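To start, the structure under review is shown below, and the notes come after it.
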Amino acid sequence: MSNSPYAFAAFVATGCVMLPIFEADFEECSFGFRPKRSSKDAVEEIKQALLAGKTDVFDADLSSYFDTIPHDKLLITLEQRISDKRVLKLIKLWLKAPVSENGRMTGGKKSKMGTPQGGVISPLLANVYLHLVDRIVMRKDGYFRQQGIQIIRYADDFVLMARRIPPEALLRLEKVLMRMGLTLNKEKSRQLEASDKGFDFLGFNFRYRWSRKQYRRKYWHVGPSKKSVLKITATVRELFKEYRHLGALEFVRMLNEKVRGWTNYFNIPGVSHPFQSFERLRWYIDRKLSAYYRRKSQRGSMLYRRLGYEGFVKEFNLIDPLLTLRRRQPANA
């Protein structure tokens, strides 16, 4: 298949045409790769479900979803809404296009499953196929709704939530996925009672914890997961390792890019409680900056002792994670 700019433009145009068609069909429970919907909306929906008492959670993990979508079944799904044979042929050619990644070729004419990750319309096709699951779970007169079960999905990550999820519901879900040619990763998928044991989703951790401000009262705490905190600290550590030769102004600019993106993602006013994680990140950056200037020279060490973190915020526009909190968290936090 041609890699020319014309072929790329054709795929972009195809995606633009397809999006409104399927967007009209998608369920409200789907949040990934959709206009005016984001991971923050999915996090807020999960918190609302927890507050409503839906604390029995099935955290699902699909085995290599993007690599296992069957082409024939995906095309049948597309044909139900698209009648233009030229568009369907273009999508079929795109699905068969070989992809080179790290020197390894995948796909090709003999390929019968998978959508190239990073492709122009791959996220849309992935949403279209899993929409079948959304529709089954959210059907008003269906089994899942009768059991009070709702699904919240972001791309191929989703959770089922209810006051109680019976074993039969999980068996039905597994059968649906099997008919679609998909497989649950049983090692990573798990059912849990969220009020007893927290869970992670989209980098956030959800858990029921004691309030530090109100005696003998618990609340639903939503904040960065341990893995997310470790990831940002590892990123900061790598920056200090790779770019310590830069001047303060240029280095702070690079550091701010990482910190700004991370804090913006986890700061959801009225929903998340990231203060402790932001405080930890601030402490970590402060410690690394102190060590950085101590190694640089005695004069540099004196500079940092004189200015401190607050001084670098004023002098070099260093981001203070705690100051990125746009408004105070609820009183019961």
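The values are calculated or read from the model by the stated rules, or taken from the named source; none is laboratory data. Just so it is clear, the structure is predicted and the values come from calculations on it, not from any experiment. FYI the Cβ positions are ideal-geometry reconstructions off the backbone, even for glycines, and counts take in every protein chain you see. SASA here: full protein model, heavy atoms, side chains in, ligands and nucleic acids out. Shrake-Rupley method; radii C 1.70, N 1.55, O 1.52, S 1.80 Å.
Out of the helices (runs of 4 or more DSSP H) lying entirely within segment 105-186, which hold 1 or more residues that are closer than 22 Å to E28 by Cα and in contact (Cβ under 8 Å) with a residue 40 or more places away in the chain?
Fully inside segment 105-186 and qualifying: 122-138, 167-179.
Within segment 27-85, which residues are part of a helix (DSSP H, G or I), touching a residue at least 24 places away in the same chain (Cβ under 8 Å) and not hydrophobic (A, V, I, L, M, F, W, C)?
Within segment 27-85, S39, K40, E44, E45, K47, Y65, D67, T68, H71, D72, K73, T77 qualify.
Mind checking which residues of segment 67-95 are over 27 Å from the mean Cα position of the chain (by Cα) and open to solvent by less than 90 Å² (accessible area, probe 1.4 Å)?
Within segment 67-95, I82, D84, V87, L88, L90, L93 meet the criteria.
From the list M138, M161, which one is touching a Cys at 6+ places or on another chain (Cβ under 8 Å), of a type in the set (A, V, I, L, M), under 19 Å from E44 (Cβ atoms) and at pLDDT 95 or above?
On inspection, the qualifying residue turns out to be M138.
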